[in-house]
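First comes the structure, then the notes that go with it.
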Number of protein chains: 2
Amino acid sequence: MYYKESHTLLLNNIARFIDLTELEKQKYLSLLTEIKVKKKAFLMQAGDVTKYEYFITKGCLKVYTLDEDGAPHISMFAVEDYWTGDLASFMTKKPTRYFIKATEHSELLGISRTNYDLLFQEIPKFEKFYRILYQRSLISYIRRSNHGISLTAEERYIEFKKKYPKIVNRITQKDLAAYIGITPEFMSKIISKVNRM
Amino acid sequence: MYYKESHTLLLNNIARFIDLTELEKQKYLSLLTEIKVKKKAFLMQAGDVTKYEYFITKGCLKVYTLDEDGAPHISMFAVEDYWTGDLASFMTKKPTRYFIKATEHSELLGISRTNYDLLFQEIPKFEKFYRILYQRSLISYIRRSNHGISLTAEERYIEFKKKYPKIVNRITQKDLAAYIGITPEFMSKIISKVNRM
DNA sequence: TAAAAGTCTTAAACTAGTTCATTTTTTTTC
DNA sequence: GAAAAAAAATGAACTAGTTTAAGACTTTTA
């Protein structure tokens, strides 16, 4: 059976943890919505109740909140083959505090809350898929929330560069600063220092 | 059917997300190991391959790593009705980088990796239980890794006190400092400042 | 219950990271 | 491809949090 590129990417992502029959694959894909976001456009804004969880098939987006002073804090950069959204708002149906903005023209596959619930009824194997997906995300967030607090900004930058070498070149220094948790000015100093070494 | 106190606590924890028959409850409980840890004793040390995931029925433990300088960084305080362990080491069977030490005499129920895998075969409903458990932990870690980076130490202390009022009184200021991510000296200053306000 | 060990407080000198202001460089837009 | 807008670099003055050291208070242990 032939699938378009974006569907193949998603099916491979799922095949890491569970095996689906052709029929199940088609059923699953029928529950998804295709979404395109232009560069600088918002996928989600604070106050929205998020309708979907997203799988990125093309592009790059930044997920962030604004603090009381209006300063952005980026919690992740989402690129191809990543899942994103606001799980809290998606589950509780309460308004999100997050913004998700495309930093490149992006294409996504979204699953609505109704279809997410339906999915577990129709193909119970997906409980396992999400159990493992959340377990792995949890492991990396636990590590990150530890690291974030125990490393200096320079060490966090070096770690990020090592872990996501491709992403570093796709984002601005300013956005990287908002992710690392420092000012753009200090980010600039760190980068010139690290490059000199 | 009568269950002992520790088992009732665990069964109620599970009943938040899934319903079990009496038979399933008994089957589940039979897969668990009872563990006691004296104050100051270790449940786990860096280098160990962790054999269990733990549910705490009594007491308090601190979960931490040591950085290159030997300074501790506490990632959580685990008390009654909490789950703890090192999920990464448990899943990959690689050595852990964590220490888990009892700060009070503690009692736990542990599930081994073998029995964890068996559980999903015997009672597939547990896929759903862990899917939701990990989903919720993930939501709170995502929030925390954001907050950790955007708040000052004083704000993080006030948040912790509001969120875990009971735990604050059970731990030392020194351990709280290692959790907040500051020195004990600065923790002391913050506390006397906040109390004066 | 006395001694030892660990915890908490205070203070002075220090450093990682911020703020504000200005200039240069790069990217976007028409 | 010129003008406008945004991002990056640099530097000086500032602040949140660290380090070191010493004394007071509490808890643990023999």
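Cross-linked pairs B:Lys38/B:Lys62; B:Lys58/B:Lys93; B:Lys36/B:Lys94; A:Lys161/B:Lys93; B:Lys101/B:Lys163; B:Lys27/B:Lys94: Cα-Cα separations exceed 18 Å for B:Lys58/B:Lys93; B:Lys36/B:Lys94; A:Lys161/B:Lys93; B:Lys101/B:Lys163; B:Lys27/B:Lys94.
Tell me, what is the FRET efficiency for B:Glu22 and A:Phe186 to the nearest 0.05, using R0 = 41 angstrom and their Cβ-Cβ distance as r? The formula returns an efficiency of 0.10 here. Using a 7 Å projection from Cα along Cα-to-Cβ, the label point at B:Asp117 is separated from the same position in the remaining copies by 3.6 nm, smallest value first. Taking every C-alpha pair closer than 8 Å and separated by at least 6 residues, the mean separation divided by the residue count of the stretch B:5-123 gives a relative contact order of 37 percent. With label points set 7 Å from Cα along Cα→Cβ, the inter-copy distances at A:Gly47 are 5.7 nm, sorted shortest first. The modelled label-to-label distance for the pair A:Ser112/A:Thr8, using points 7 Å beyond Cα in the direction of Cβ, is 3.0 nm. The interface between chain B and chain A buries about 3000 Å² of solvent-accessible area in total (1.4 Å probe, ligands and nucleic acids excluded). Contact-buried residues of the stretch A:103-128, at a threshold of 30 Å² lost accessible area versus the chain by itself: A:Glu127 (1.4 Å probe; DNA, RNA and ligands ignored).
The alpha carbons of the stretch A:56-137 occupy a box of 44, 28, 23 Å along the principal axes, longest dimension given first.
Which log10 I(q)/I(0) values does the stretch B:98-197 give at q = 0.11, 0.16 Å⁻¹ under the Debye formula, counting every alpha carbon as one identical point scatterer? Once normalised to I(0) and log-transformed, intensities are -0.52, -0.89.
Computed over the alpha-carbon pairs of the protein assembly as shown, the distance histogram in 20 Å steps reads 24, 56, 19, 0 percent, short to long.
Provide the per residue accessible area, probe 1.4 Å, for chain B, rounded to a whole number of square angstrom. List each step's numbers first, then the result.
Working: 10210 Å² over 197 residues.
On a per-residue basis, 52 Å².
Between this copy and the others, label points of A:Asp69 are 2.5 nm apart in ascending order, each placed 7 angstrom from Cα in the Cβ direction. The tail of the calculated P(r) for the stretch A:5-124 beyond 24 Å holds 28 percent of all Cα-Cα pairs.
The stretch B:34-98 and the stretch A:96-111 have their alpha-carbon centroids 36 Å apart.
The values are calculated or read from the model by the stated rules, or taken from the named source; none is laboratory data. These figures come from a predicted structure and were not determined experimentally. Note that we place each Cβ from the backbone using ideal geometry, even for glycine, and neighbour counts take in every protein chain shown. To get the accessible areas, we keep the full protein, side chains included, count just its heavy atoms, and leave off ligands, DNA and RNA. Shrake-Rupley method; radii C 1.70, N 1.55, O 1.52, S 1.80 Å.
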